[in-house]
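Asker: Please find one structure pasted underneath; my questions will follow.
What follows draws every value from the coordinates through simple rules; no lab data is involved. Since this is a predicted model, take the numbers as computed values, not measurements. All Cβ positions, even for glycine, are placed from backbone atoms using ideal geometry, and neighbour counts span all protein chains on display.
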Amino acid sequence: MSDTNSRKISELVKKDGNNTCADCGLPNPEWASYNIGIFICTTCAAWHRSLGSHISKVKSLRLDKWDDEQVQMIETVGNVKAKEKYEKHIPPCYRVPQAGDPPVLLEQWIRAKYERQEFIFVEKQTYICNSMEGTLMKKARAEKKYFPRKFVIADNTLKYYVKENAKEPKATVQLSELNVCLAPSKMNQDNGLQLSFMTDGSTRHIYVHHESSETIILWYAAIRNIKLNWLMVAYPNASAEELVPYLTTDFVIEGWLSKTGPNERDAYRRRWFILDDLKDAYPRGEIFLGYKDNNYNIKEGVPRGCKDHDFSFSLITPDRTYVMSAPTSDERMRWMAAIRTVLERPLRPQDNQSKMALASKRKSSRNSRQSWFSFNKDQHV
Ligand SMILES: [Zn+2]
């Protein structure tokens, strides 16, 4: 009988919708939550287990025994129906994670869906707001220590105060000039958030974290929501979906890549690469990433006449072609996808480009679309 059930389960997971993780979209799920009625990947299964079995009952498709009732529960729901229920009201500002996104994003997405059921009961979406206030731990400029600071969002600005009762903020940033990015590996903080903005012509980063992952995602989503409201007023002809790509950018991807020069005899040298939304301090070298229509491209493999290497890829720019090699095939895919996203991102929503030309002229030097790909001999922040 359990053989019949195993066979049934292995048939069910092949169905459209069930064949990708219900929470992050990764293909070929190996786990399931049978009370919710969904098929999920190994990473999401771990988050489901942390919710507790009163919310999600997790089982391995292959290693666990399935009884008739459990098979029936998952058969009557499945990933498509569950999505209709648990993802019914996702606000446009909410960032739905994909496989490979920062763990805090995935954790809170799963908690939002099943524990708090935020996308069923919209009144639970506390980030749909125009102002916010709270304490975040802020990294001191010169040292590695974090100190509690009061942060306030109001009237489309973000301010922070050194003392709770201080009258004057230490910094005031227009939300339209602010980028927020989850940067756990760069900061070595699970709930690390990088706030970036231009001040006096140079880039400034503020690093904050909070012990609660829910709080960090609340700030992240609130900033995205307020920016979206502002953009919808500024560009009334654009839809929310068109404006969402401009809310935040997080091209903070970093790791070891081997890089070679333009000649066949040049050796591959290992360098620590950082793809960031804004230029970081003191890189040894940097590659400007423009827009694909201006002769920027990324391809697997090496150009003719260049020494090949495992998992190589070429970044083509109008000036020269850069040849790099990643440590694994997955890593290459991740880097290429991240770089491609930058190259494919136009300046403004396409349909509104001409109308926005005037505004973009005024703001062109401050536009953070242009991303930098920089490298160093050593890993450091
Ligand atoms: Zn998943």
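Asker: Between residue 328 and residue 199, what FRET efficiency comes out of the Förster formula 1/(1 + (r/R0)^6) with R0 = 41 Å and r the beta carbon distance, rounded to 0.05?
Answerer: Numbers: r = 39 Å, r/R0 = 0.95.
E(calc), rounded to 0.05, equals 0.60.
Asker: Filter the GluC sites (Glu not before Pro) in segment 136-218 down to the DSSP loop ones having no more than 15 other Cβ atoms within 10 Å, then list what survives.
Answerer: Counting only loop positions with at most 15 other Cβ atoms within 10 Å, the GluC sites (Glu not before Pro) in segment 136-218 are 143, 164, 211.
Asker: Can you find, among 91, 35, 66, the residue sitting farthest towards the positive end of the charge dipole of segment 2-121, where Lys and Arg contribute +1 and Asp and Glu -1 at Cβ?
Answerer: The one lying farthest along the dipole's positive direction is 91.
Asker: Report Rg(Cα)/(2.2 N^0.38 Å) for segment 106-178, keeping two decimals. Could you put the intermediate results ahead of the total?
Answerer: Details: Rg = 15.6 Å, N = 73, 2.2 N^0.38 = 11.2 Å.
Working it through for segment 106-178, the quotient is 1.39.
Asker: Choose one of 335, 158, 79: the residue whose Cα lies farthest towards the positive end of the charge dipole of the chain (beta-carbon charges +1 Lys, Arg; -1 Asp, Glu; about the Cα centre).
Answerer: Going by the charge dipole, the pick is 158.
Asker: What does the helix-only formula give at 222 nm for the chain: each DSSP H stretch with n ≥ 4 adding -39500 (n - 2.57), the total divided by the residues, and the result rounded to the nearest 500 deg cm²/dmol? Mind dumping the intermediate values first?
Answerer: Working: 10 runs with 104 residues, N = 381.
The helix-only estimate for the chain comes to -8000 deg cm²/dmol at 222 nm.
Asker: Moving on. When the dipole is taken about the Cα centre of the chain, and only Lys, Arg (+1) and Asp, Glu (-1) are charged at their Cβ, what size is it in debye, to the nearest 20? Walk me through the numbers on the way to the answer.
Answerer: On the way: 57 positive and 47 negative charges, 244 e Å.
I would put it at about 1180 debye.
Asker: OK, next. If you filter segment 1-74 for trypsin sites (Lys or Arg not before Pro), then keep DSSP loop positions with at most 15 other Cβ within 10 Å, what is left? List each step's numbers first, then the result.
Answerer: On the way: sites: 7, 8, 14, 15, 49, 57, 59, 62, 65; in loops: 14, 15, 57, 62, 65.
Counting only loop positions with at most 15 other Cβ atoms within 10 Å, the trypsin sites (Lys or Arg not before Pro) in segment 1-74 are 14, 15, 62, 65.
Asker: Here is a follow-up. Can you sort 244, 233 from fewest to most other Cβ atoms within 10 Å of each residue's own Cβ? Before the final figure, lay out the partial values.
Answerer: Numbers: 244 18, 233 9.
By the 10 Å Cβ count, ascending, the order reads 233, 244.
Asker: Take the cross-link list 57/113; 150/186; 139/163; 85/113 and give me the ones stretching past 21 Å between alpha-carbons.
Answerer: Values: 57/113 15 Å; 150/186 23 Å; 139/163 15 Å; 85/113 10 Å.
As for pairs spanning more than 21 Å Cα to Cα, those are 150/186.
Asker: Fewest Cβ neighbours within 10 Å first, please rank 64, 155 accordingly. Don't jump to the answer; show the numbers that get you there.
Answerer: Working: 64 14, 155 11.
Taking fewest neighbouring Cβ atoms as first place, the list is 155, 64.
Asker: Could you pull out the trypsin sites (Lys or Arg not before Pro) across segment 284-335 that fall in loop regions by DSSP (anything but H, G, I, E, B) with no more than 14 other Cβ atoms inside 10 Å? Walk me through the numbers on the way to the answer.
Answerer: Numbers: sites: 284, 292, 299, 304, 307, 320, 332, 334; in loops: 284, 304, 307, 320.
Filter output for segment 284-335: 284, 304, 320.
Asker: To the nearest 0.05, what FRET efficiency results for residue 64 and residue 123 with a Förster distance of 45 Å applied to their C-beta separation? Kindly include the intermediate steps, with their values, before the conclusion.
Answerer: Numbers: r = 37 Å, r/R0 = 0.82.
Using R0 = 45 Å, I get an efficiency of 0.75.
Asker: While we're here: Provide the gained length on full extension for the span residue 101 to residue 241, in nm with one decimal, where the gain is 0.36 nm per separating residue minus the Cα-Cα distance. Spell out each step's value before the answer.
Answerer: On the way: separation 140, 0.36 × 140 = 50.40 nm, distance 2.01 nm.
Residue separation times 0.36 nm, minus the Cα-Cα distance, leaves 48.4 nm.
Asker: With charges only on Cβ, +1 for K and R and -1 for D and E, what is the dipole size of segment 133-262 about its Cα centre, in debye, rounded to 20? Could you put the intermediate results ahead of the total?
Answerer: Numbers: 16 positive and 14 negative charges, 123 e Å.
With only Lys, Arg, Asp and Glu charged at Cβ, the dipole is about 580 debye.
Asker: Ok, one more. Rounded, prolate or oblate: which fits the chain, taking a ≥ b ≥ c as square roots of the Cα gyration tensor eigenvalues, rounded meaning a/c under 1.5, else prolate when a/b beats b/c? Present the calculation step by step, with values, prior to reporting the outcome.
Answerer: Details: a/c = 1.77, a/b = 1.21, b/c = 1.47.
It is oblate, given that a/c is not under 1.5 and a/b is not larger than b/c.
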